[in-house]
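The values are calculated or read from the model by the stated rules, or taken from the named source; none is laboratory data. Nothing here was measured: the structure is a model prediction, and the numbers come from that model. Note: ideal-geometry Cβ built from the backbone for every residue, glycine included; neighbour counts use all protein chains shown.
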Amino acid sequence: MAKLEFSKTHKIAFLDRDGVINKSNINKGYIGYVKNFKWMPGAIKTIKYLNDLKYKVVVVSNQSGIARGYFKMRDVYILHGYIQKELEKNQTRIDKFLFCPYHKDGVIKKYRKNSNLRKPKNGMFKRIDKIWKVDKKKSFMIGDQKTDMGFAKKSNIKGFMYRSNNLYKFVKKINFIK
């Protein structure tokens, strides 16, 4: 008799980047360089807390600064490498970074387009769901914009609007996280 296999699902903490894990009041909110990156108070502790609770931590971020010509794709990769190294110093990690470099009004031709990756669309969610089957009941999105909440709604997960000054204190108040 054949053995039945059930696909494992994963609880995912989707986090916006600018305005959630880092301050976004620098360079008009276009953060593409390490020199402009400033951790949000409590962000590293939050990521470690979520890792300890066995969440996969995924950053999903609109990065139209690439399409607008403010910085290049490689600058974002360098920045994400820096973030990961800083987290490793604290025995924690982000499991995956996804971002959308496209914008319909971009000045860089190859990035000037509509994309299903751009929040509030949920193309980034669909990519993660192909990698790790997402447990929608246990997964959530934390963002600081309406587009983040739209992403959560379209992905059929809970969305939490972050408008605080300490990410860890905010996350500890979310009582369904276990």
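Points worth noting:
- Subset of the stretch 145-178 that is touching a residue at least 40 places away in the same chain (Cβ under 8 Å) and assigned to a loop (DSSP other than H, G, I, E, B) - its residue that is surrounded by the fewest Cβ atoms within 10 Å (Cβ to Cβ): Lys178
- Residue satisfying condition, being touching a residue at least 24 places away in the same chain (Cβ under 8 Å), surrounded by fewer than 21 Cβ atoms within 10 Å (Cβ to Cβ) and closer than 15 Å to Tyr30 by Cα, within set Gly69, Gly42: Gly69
- Looking across Ile131, Ile94, Ile142, Ile78, one residue alone is at negative phi, free of Cβ contacts under 8 Å to residues at least 40 places away in the same chain and of a type in the set (Val, Ile, Thr). It is Ile131.
- Selection status of Leu98, in a loop (DSSP other than H, G, I, E, B), of a type in the set (A, V, I, L, M, F, W, C) and either surrounded by 17 or more Cβ atoms within 10 Å (Cβ to Cβ) or modelled with pLDDT of 95 or more (or both): no
- Flag if Ile47 is among the aliphatic types (A, V, I, L, M), assigned to a loop (DSSP other than H, G, I, E, B) and under 15 Å from the mean Cα position of the chain (by Cα): no
- Scanning the stretch 101-124 for residues that are loosely packed, with under 12 Cβ neighbours inside 10 Å and either aliphatic (A, V, I, L, M) or at positive phi (or both) gives a single hit, Val107.
- Of the residues Ile78, Ile26, the single one that is closer than 18 Å to Arg163 by Cα and surrounded by fewer than 18 Cβ atoms within 10 Å (Cβ to Cβ) is Ile26.
- Taken together, Lys119, Lys110 contain a single residue that is modelled with pLDDT of 95 or more, outside any loop (DSSP other than H, G, I, E, B) and not small (Gly, Ala, Ser), which is Lys110.
- Whichever residue in the stretch 24-68 is over 15 Å from Tyr82 (Cβ atoms) and of a type in the set (D, E, K, R) and, among such residues, is modelled with the lowest pLDDT: Lys28
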